[in-house]
1. For A:LEU37, state whether it is more than 7 Å from chain B (Cβ to nearest Cβ) and outside any helix (DSSP H, G or I).
2. So which residues in region B:114-156 are under 17 Å from A:LEU16 (Cα atoms) and at pLDDT below 85?
3. Go through region A:93-117 and report how many residues are among the polar types (S, T, N, Q) and either in contact with a helix residue (DSSP H, G or I) (Cβ under 7 Å, 6 or more places away or on another chain) or surrounded by fewer than 14 Cβ atoms within 10 Å (Cβ to Cβ) (or both).
4. For residues that are more than 7 Å from DNA strand D (Cβ to nearest atom) and loosely packed, with under 14 Cβ neighbours inside 10 Å, scanning just region B:67-83, find the one that is nearest to B:PRO35 (Cα to Cα).
5. For region B:48-60: of the residues being within 14 Å of DNA strand D (Cβ to nearest atom) and surrounded by 20 or more Cβ atoms within 10 Å (Cβ to Cβ), which is nearest to B:SER109 (Cα to Cα)?
6. Would you say A:SER86 is of a type in the set (Gly, Ala, Ser), near DNA strand D (Cβ under 10 Å from one of its atoms), more than 9 Å from chain B (Cβ to nearest Cβ) and surrounded by fewer than 20 Cβ atoms within 10 Å (Cβ to Cβ)?
7. In region B:65-80, is there at least one residue being within 19 Å of B:TRP145 (Cα to Cα) and touching a Pro at 6+ places or on another chain (Cβ under 8 Å)?
8. With respect to A:LEU29, is the statement that it is assigned by TED's automatic domain parsing to the domain that holds A:ASP104, surrounded by 19 or more Cβ atoms within 10 Å (Cβ to Cβ), away from DNA strand D (no atom under 16 Å from the Cβ) and under 18 Å from A:PHE113 (Cβ atoms) true?
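The values are calculated or read from the model by the stated rules, or taken from the named source; none is laboratory data. Keep in mind that this is a model prediction, so the values were computed, not measured. Quick reminder, even Gly has a Cβ in these numbers, built from the backbone with ideal geometry, and neighbours come from all protein chains shown.
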There are 2 protein chains.
Amino acid sequence: MSSDPPGFELPLRLFLAFRVIIDDLHAELDAQGHPDLRPMHGFVFQAIGPDGSTAVELGRRLGVSKQAAGKMVESLERMGYVVRTSDPDDARRKIVRLTERGVDALARSARIFDRIRSDLAGRLGPDRLRALEDDLRAITPADLWRLDMPGWFGTS
Amino acid sequence: MSSDPPGFELPLRLFLAFRVIIDDLHAELDAQGHPDLRPMHGFVFQAIGPDGSTAVELGRRLGVSKQAAGKMVESLERMGYVVRTSDPDDARRKIVRLTERGVDALARSARIFDRIRSDLAGRLGPDRLRALEDDLRAITPADLWRLDMPGWFGTS
DNA sequence: CCATATAGTCAACGAGGTTGTCCGTTATGT
DNA sequence: ACATAACGGACAACCTCGTTGACTATATGG
């Protein structure tokens, strides 16, 4: 009979597993022509969505102030991943949209994530991977995109 | 037959699970007299270790510059969690040690982590929790404490 | 004995977050 | 219809926490 591991191991392993996957993703993105993307950017792209968004909306979704969201957009605009256009129906709003390059990064990310997942299925076995995902779903909130991560990743 | 989930779900769930546990920990620490501790601090305490450490060593272990490590120590010293004493064998070194309060925080953290783990064992079942931990061990590096997290958590 | 390496500290800077303020535009209520 | 409130965006000042560079004091080894 083996004894229980200390309680602090699980959260550490969860975080390490996250890091391993994200590091893999960004090594690939780097190799595929997106060396400047940082982990945070994926969340921002996702929050922008296919129809675009505004800085205020973005801030709400990401859990930061509208000013912080505005700075993020500015930086992504400089990198060529988003553009800001004015809303014809509301002169106050400026709609942030992904550029072709932004869409490309998002598509590549999706493909890389799927490749990583199938690697893991190969290592753990498909059933164990399923069970892992099921268990994680059981202990996390349902809403995947309510992450509220402010300065967790360097966005420089 | 159900289809595979998109590859991006797993890393998100891993991160969310980590967040859920860490948020739980710090809500408890808050209630038990350590409201100022932030997630990063646990890693710093661990890096200091029972025999103390120096700022340079700390920086190496945490993956930050010695100056950044020094600032962390300064802040923890102001909060009463560590003290700096001079090394009698080497007048250059100042050894950082946990205070009684620091040791208390570490002991409480360990107890809270164990409580959280047993909660999870109740929700998933002990076997599923074991399997989860085994699978995570399989996909993460063996060395738990080589985390290299610089500004991942707010330390304020 | 002197050259080099190490520990700590100070200063300047940058990234990225915050709050407060202001302006122009839209929505609302009487 | 018009006064007022709410909203979106931008600007400024500030904070925290990381960085690099320079400098001092102490060890250490040829």
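1. Numbers: more than 7 Å from chain B (Cβ to nearest Cβ): yes; outside any helix (DSSP H, G or I): yes.
Yes; evaluated as a whole, the condition is true for this residue.
2. Scanning region B:114-156 gives B:ASP143, B:LEU144, B:TRP145, B:ARG146, B:LEU147, B:ASP148, B:MET149, B:PRO150, B:GLY151, B:TRP152, B:PHE153.
3. As a first pass, look at region A:93-117 and keep what is among the polar types (S, T, N, Q): A:99, A:109.
If we keep only those that are either in contact with a helix residue (DSSP H, G or I) (Cβ under 7 Å, 6 or more places away or on another chain) or surrounded by fewer than 14 Cβ atoms within 10 Å (Cβ to Cβ) (or both) as well, we get A:109.
Going through region A:93-117 one residue at a time, the tally reaches 1.
4. Residues of region B:67-83 more than 7 Å from DNA strand D (Cβ to nearest atom): B:69-70, B:73-74, B:76-83.
Right, trim to loosely packed, with under 14 Cβ neighbours inside 10 Å and you get B:74, B:78, B:80.
Details: B:GLU74: 18, B:ARG78: 14, B:GLY80: 13 Å.
Ranking the candidates gives B:GLY80 first.
5. Restricting to residues being within 14 Å of DNA strand D (Cβ to nearest atom) and surrounded by 20 or more Cβ atoms within 10 Å (Cβ to Cβ), the top hit is B:LEU58.
6. Numbers: of a type in the set (Gly, Ala, Ser): yes; near DNA strand D (Cβ under 10 Å from one of its atoms): yes; more than 9 Å from chain B (Cβ to nearest Cβ): yes; surrounded by fewer than 20 Cβ atoms within 10 Å (Cβ to Cβ): yes.
Yes.
7. Start the filter on region B:65-80 by keeping residues that are within 19 Å of B:TRP145 (Cα to Cα), which leaves B:65-66, B:68-69, B:72-73.
In the following step, the residues that additionally are touching a Pro at 6+ places or on another chain (Cβ under 8 Å) were identified as B:68.
Checked region B:65-80: at least one residue is within 19 Å of B:TRP145 (Cα to Cα) and touching a Pro at 6+ places or on another chain (Cβ under 8 Å).
8. Details: assigned by TED's automatic domain parsing to the domain that holds A:ASP104: yes; surrounded by 19 or more Cβ atoms within 10 Å (Cβ to Cβ): yes; away from DNA strand D (no atom under 16 Å from the Cβ): yes; under 18 Å from A:PHE113 (Cβ atoms): yes.
For A:LEU29, the condition - assigned by TED's automatic domain parsing to the domain that holds A:ASP104, surrounded by 19 or more Cβ atoms within 10 Å (Cβ to Cβ), away from DNA strand D (no atom under 16 Å from the Cβ) and under 18 Å from A:PHE113 (Cβ atoms) - is met.
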